[in-house]
Amino acid sequence: MVTYSQELEMALAEEINHRERRELERKQIVAIPRQTPRYWGPNAFEEPYREIEISTQSPEFDIINQLMNATISNHGSKYGTINGQDPTELLINRIIRIHNNELWHVYCYKKDMIIHKYNDRLTDCESSKYLQAHPILTPLLDTKTNEYWLFHGCSRNSLYHLLHSGYDPRVSNLSGMFGGGFYLAENSSKSNRYIPCPKCGKNSIGNDIGCNCANQQDIEFAIVLYRAALGDVHVAMKYDKEKYRRGPNGQRVRRPPKKTNDKDLYDSVMGESMENGSDRLKYREFILYDSGQAYPEYVIYFRRSANRARQSSNIENLKKKCRNFLINTFRKNPE
């Protein structure tokens, strides 16, 4: 004899609704436009996964190179160093553009969700106005989703999975300041501190300090430049460990904070810098909690150097240069 249970019925109904939503999402993904940048060229998805090496003589290479070096800052010569010093220059060996059909498809779907979530009026959100008043160092690629280029540093072992399968916040490190999410930075030098030496495995945050390897000027590292759709960003000015990391009942945080209506969630978090009034971080960091919200567009292979003084740069002029490059770069009928 089966005993009626209201709780069980509600649980079953919720599971059915969840399955229906997932099936609807799966079907919707197929219909989402997948506009690709024109500089990706024709037949961008001729194969499911491609790596395109960028010519060192191209404007594309020049812009990425400048972006890498214009966003270098001083971090106290502790991690990501060369012979015990912070790099003052990142010497680019090669830049690889990633064409991953599946990851791009999912990323376009996430962007479309953000656009519809805010009825194409994300620019009216307070976070968008805040970012206009306190701009991110890297270029704003799309105002409809608050899409930016942002850096991510990792080990070579993690790199393959990020490029082929994408990041998975479910298995992220829960010890981060803002819980279990995917962390990005506007400063290439900040992400550089998370890249261990490929020879000894040291000299990065989360590993031992310092590197004693010989010929450190010849060691090649890899950093990823992501397109990240930040959406409506929660700007964290005052750090609260219970709110951002530990969560209620001691459960580690795996999602962005709730908005003031206590119902909706923000799409991402920006840990603000002390320069802009924060009480904790020296440099900004950005955290995503949903897979597919960022796309790994470039892998940049470089060497660290501290041979000359850090070069001053006009970041606004560089942004204008990027905008000129990106204008009308999307294909309406991608392969």
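Taken together, the values in this text are just the output of simple stated rules run on the coordinates, not laboratory data. Keep in mind the model is a prediction, meaning the values are calculated, not measured. All Cβ positions, glycine included, derive from the backbone under ideal geometry; neighbour counts span all protein chains shown.
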| message | If I require 30 Å or longer along the helix axis, counting alpha carbons, and a Kyte-Doolittle average no lower than 1.0, what helices from the chain are left? Use full DSSP H segments. | response | none
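Just add up the charged neighbours of residue 252: K/R +1, D/E -1, any other residue whose Cβ is under 9 Å from the Cβ of residue 252.
Numbers: positive: 245, 246, 254; negative: none.
Residues close to residue 252 contribute a combined charge of +3.
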| request: Could you check which residue among 324, 83, 314 shows the biggest mean-square fluctuation in a GNM of the chain with a 10 Å Cα cutoff? | output: 314
| field | Amide proton proximity set for residue 45, modelled H, under 5 Å, gap of 5+ | value | 335
| remark: Listed by chain and number, the residues whose amide H is under 5 Å from that of residue 36, excluding neighbours fewer than 5 places away on the same chain and using placed H, are 331
| the chain, relative contact order [Cα under 8 Å, separation at least 6], % | 26
| request: Quote the FRET efficiency, to the nearest 0.05, computed for residue 93 versus residue 175 with a Förster distance R0 of 25 Å and r equal to the Cβ-Cβ distance. | output: 0.20
| request: Would you mind telling me the antiparallel percentage of the DSSP bridges in the range 208-326, rounded to 5? | output: 70
| message | Using Cα springs under 10 Å in a Gaussian network model of the chain, which residue among 322, 200, 154 shows the largest mean-square fluctuation? | response | 200
| note | For residue 263, placing the label point 7 angstrom along Cα-to-beta-carbon and taking the range 115-143, residues whose amide nitrogen sits under 17 Å are 117-119
| Taking H as built 1.01 Å from N, whose amide H comes closer than 5 Å to the amide H of residue 265, not counting residues under 5 places away? | 259
| GNM on the chain, C-alpha springs below 10 Å: top fluctuator among 313, 189, 155? | 313
| note | In whole Hz, the Karplus estimates of ³J(HN,Hα) for the range 165-171 (6.51, -1.76, 1.60; θ = phi - 60°; x where Gly or Pro) are 10, x, 7, 10, x, 5, 10
| Taking the mean number of other Cβ atoms within 10 Å as a proxy for protection, how do you rank 295-302, 158-165 from highest to lowest? | 295-302, 158-165
| request: Could you check the simple spin-label distance between residue 199 and residue 46, using points 7 Å along Cα→Cβ, in nm with one decimal? | output: 3.8
| field | Whole-Hz ³J(HN,Hα) from phi, Karplus 6.51 cos²θ - 1.76 cosθ + 1.60, for the range 278-293, glycine and proline x | value | 6, 9, 9, 8, 6, 10, 4, 9, 10, 10, 10, 10, 10, 5, x, 7
| To the nearest 0.05, what FRET efficiency results for residue 276 and residue 74 with a Förster distance of 22 Å applied to their C-beta separation? | 0.80
| task | Enumerate the residues in the range 170-194 having an amide nitrogen under 15 Å from the point lying 7 Å beyond the Cα of residue 241 toward its Cβ. | result | 175-179
